[in-house]
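Below: one structure, written as structure tokens.
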Amino acid sequence: MPVKLSDNYDLSKHVIILTGATDGIGKEMAKILFGFNPKRLILPARNKEKGNKLLEYLKSSKGHTDNVEIWEMDLADLQSVKNFANKFINEVGELHMLINNAGIETKRQILKTKDNLEIQFQVNHLSQFLLTILLLDTMKKSVSAELPGKIVLTSSRANNFGEIDFDNLNLEKGAYWNPLKGYANTKLMNILICKELGRMLQNDHITTYSHHPGVILTNIAHLNTGFSISTFIINTLSRLNGITAEQGATNVLYPEFSLENNETGKYFDEGIEQEPNKIADDQEIAKKLWSVSEQMLKERGMI
């Protein structure tokens, strides 16, 4: 039975950031959140044209977008993420919900960003980790027992095939044989960071969640030009067994609005709590991933 959201949530006191909102489930999440009348809904976008189209899409449902803002940010550029966070801290200075939804899945070849990082590792993990830690103090100051905070990470069922190799986090040691392996690794990283955040923030009125939204045919694999077996399989399964982007968005948001605030660090599959990859329960790996990620950012002058 698919999970369903009530239509009577009031987000009029909430400032929300949602990444990855120009396509797929992110677009539908933006529409759902917008419908709950947030105080401010800030949607980072790499592509200005897509951002404007998203505004028009939202406007068509309500007649205005007075409380929605499109801000420039490119997760494939660490400096862009830092610039976004600094602007947000200086111009808004209030945050109650951070939804790290953006994600990317590439083909077999390794693609590097301008920061010389493998693009899946950077977009799916390191950049969103950077965004989160830069905004943590702002969120801590904004929330309370009466107005708790939420940090959400969109993961994937693919986490079950992931592993954490600290000698090859950025895949510097050559192409991985499985085109989905790098993606699966980053989705496991999402869950590890979610759980570590949950432990760190348990006394700060902030809860954390990670999710597999469901099998949905979206533009996540937009770098998959040409034919590949993995893309063919994913697209075929999506058409045969997939759910709508709207249901996927509902699956991600459902626990945030339905659970008690002391239920933190949990992983959900289509809105239902599940056990992820057993590696996700290893607190030492989670702490080391946090530390190594911080060090990579320090070395690049981001924190």
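Structural remarks
- Checking each residue in region 285-303 for being farther than 15 Å from Leu131 by Cα and in contact with a Lys or Arg (Cβ under 7 Å, 6 or more places away or on another chain) picks out only Ala286.
- Selected residue (only one of Asn124, Asn178, Asn168 is out of contact with any Leu (no Cβ under 7 Å at 6 or more places or on another chain), closer than 19 Å to Met296 by Cβ and modelled with pLDDT under 95): Asn168
- Residue check for Ile104: of a type in the set (A, V, I, L, M, F, W, C) and part of a strand (DSSP E or B): no
- Selection status of Gln109, out of contact with any Gly (no Cβ under 7 Å at 6 or more places or on another chain), part of a helix (DSSP H, G or I) and polar (S, T, N, Q): no
- Those strands (runs of 3 or more DSSP E) lying entirely in region 4-81 with at least 3 residues touching an Asp or Glu at 6+ places or on another chain (Cβ under 9 Å), of a type outside the set (Gly, Ala, Ser) and modelled with pLDDT of 95 or more: 40-45
- Among the residues of region 82-101, those identified as in a helix (DSSP H, G or I) and without any contact (Cβ under 8 Å) to a residue 60 or more places away in the chain are Asn83, Phe84, Ala85, Asn86, Lys87, Ile89, Asn90, Glu91.
- Residue that is over 18 Å from Asn83 (Cα atoms), buried (at least 19 other Cβ atoms within 10 Å of the Cβ) and not basic (Lys, Arg), where the choices are Val3, Val15: Val15
The values are calculated or read from the model by the stated rules, or taken from the named source; none is laboratory data. A quick note: this is a predicted structure, and the numbers were derived from the prediction, not measured. Here Cβ is always computed from backbone atoms with ideal geometry, including for glycine, and neighbour counts include all displayed protein chains.
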